[in-house]
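The values are calculated or read from the model by the stated rules, or taken from the named source; none is laboratory data. Nothing here was measured: the structure is a model prediction, and the numbers come from that model. So basically every Cβ, Gly included, is an ideal-geometry build from the backbone, and we count neighbours across all protein chains shown. Accessible surface areas use protein heavy atoms only, side chains included; no ligands, DNA or RNA. Shrake-Rupley method; radii C 1.70, N 1.55, O 1.52, S 1.80 Å.
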Amino acid sequence: MNPLEGKKLIVAVTGGVAAYKAAELVRLLGKAGADVHVVLTRGGARFVTAVTFQALSGNPVWEDLWDARMPNNMAHIDLSRDADAIVIAPASADVIAKLVHGLADDLLTTMCLARDCPLLVAPAMNRQMWEHPATRRNVACLNADGAVVLGPDAGEQACGETGLGRLLEPEALCEQVIGFFAPKLLAGRKVVLTAGPTFEAIDPVRGITNISSGKMGYALALACARAGAQVELVSGPTGLAAPAGVHRTAVNSALQMRDAVLAVLPGTDVFVGVAAVADYAPASVAEHKIKKTQGEMVVTLTPNPDIIAEVAARDDAPFCVGFAAESQDLDRYAEGKRQAKKLQLVVGNLVQDGMGRDDNQIILYDAAGRHPLPRAHKSVLAQLIVEHFASLLAAYLEARTGV
Ligand code: CTP
């Protein structure tokens, strides 16, 4: 299910201080399901030892073109033949120059020249080296040759200078590798999502909210980005970091959420309402902190707008995916919401099965009926939900434009 499940990756580590980040990258790629094999150049081995990579990858590390462990002495061919990609991280200015010129004077460069799999290159070097016209030419050439260049990042460098040239952080690199393998089911599409709870203020320090963690909405936003969509995430307060490749707008109240959604809605192909939007908000917000001396307190609540129903009622409505978290009678309520709010798809679950947890048990409801999915981690479910609506999307958009 994870795009890296069952993939064989060669991670090549060249000489640079950032080589220490490659250790974490190897661990993360392995955790994401990849079978990782490390190639270490002589320069790389000056910074991190083969023992570290062997322990983290669970596989032997390759350093020498003439390694006798390879029965036919052809490590440069055999290593990459059944590999799904070679990832060079960090890639020094020197190795980039060699790749561009087709040099083959060590295991890594020979393997790259002899490969028949994609090449992903994550540069790391001093900012002056990165900006040098020779490096600029080489990177342009690398791109033109079909390699995928990941980063670099800007920021503080090991040499004390600040600028472009830092290796991407391991988490971001891992995400880019996963994204590379994810099927681009939503390429060219724009997706807007709401996620998390809303917070409806009563006074400057208090308010009404709920226990939504935002995990499902954030997992879906990431799955949409991996699938190639332009993603706008409008999020209520959560402790979660914005997923890679996703633009996030942070809001508190349902009214703010609605305004933020309407602001990014033009050109949207899919709207996904994952947020647990408060149905009611205090009719007025006290300017100052309410004191308990006033005895019994009554808060008058007024209904909030139904964001997804408003989006689905538009003439140019995107494909709308709603969520229904119910405590009973799931089929009736979820399908009822789908029809009442004019949604194309509803993701239903029982609150006791998923709220606040990392996994969930869900059922998809669309015009064709109900589709139960197996209990799974929310990131896996996010991928399945994307696959489901992506398969219905083209027909919906064609009917909308009357094509
Ligand atoms: N939703 C929304 N705006 C609201 C309330 C809900 O956009 N003001 C969206 C949610 O994001 C979700 C769907 O509507 O996709 C269903 O939300 P839910 O809270 O389950 O339904 P309600 O319509 O609020 O009905 P009830 O609370 O009575 O179950």
Kindly provide the set of residues from region 249-281 that are assigned to a strand (DSSP E or B) and either within 12 Å of the ligand (Cβ to nearest atom) or free of Cβ contacts under 8 Å to residues at least 24 places away in the same chain (or both), ordered by number.
T249, A250, F271, V272, G273, A276, Y280, A281
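I'm trying to understand the selection: among the residues of region 62-77, which are without any contact (Cβ under 8 Å) to a residue 24 or more places away in the chain and open to solvent by less than 50 Å² (accessible area, probe 1.4 Å)?
Residue satisfying the conditions is M70 alone.
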Residues of region 364-398 being open to solvent by 40 Å² or more (accessible area, probe 1.4 Å) and closer than 13 Å to D269 by Cβ, which ones?
L392, A394, A395, Y396, E398
For region 307-329: of the residues being small (G, A, S) and near the ligand (Cβ under 9 Å from one of its atoms), which is most open to solvent (accessible area, probe 1.4 Å)?
A325
Would you call A158 touching a residue at least 24 places away in the same chain (Cβ under 8 Å) and open to solvent by less than 70 Å² (accessible area, probe 1.4 Å)?
no
If the requirement is being farther than 26 Å from A182 by Cα, open to solvent by less than 30 Å² (accessible area, probe 1.4 Å) and of a type in the set (V, I, T), which of these qualifies: V95, V87, V39?
V95
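Quick check on R332: is it more than 24 Å from S391 (Cβ to Cβ), surrounded by fewer than 16 Cβ atoms within 10 Å (Cβ to Cβ) and within 14 Å of the ligand (Cβ to nearest atom)? So that I can check it myself, show each step before the final result.
Working: more than 24 Å from S391 (Cβ to Cβ): yes; surrounded by fewer than 16 Cβ atoms within 10 Å (Cβ to Cβ): yes; within 14 Å of the ligand (Cβ to nearest atom): yes.
Yes.
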Enumerated helices (runs of 4 or more DSSP H) restricted to region 21-108, each holding at least 2 residues that are at pLDDT 95 or above
42-45, 50-57, 93-101
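Yes or no, residue by residue, for (1) in contact (Cβ under 8 Å) with a residue 12 or more places away in the chain; (2) polar (S, T, N, Q); (3) loosely packed, with under 14 Cβ neighbours inside 10 Å:
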| site | (1), (2), (3) |
| --- | --- |
| A134 | yes, no, yes |
| A144 | no, no, yes |
| G163 | yes, no, no |
| V177 | yes, no, no |
| A187 | yes, no, yes |
| V192 | yes, no, no |
| A195 | yes, no, no |
| V205 | yes, no, yes |
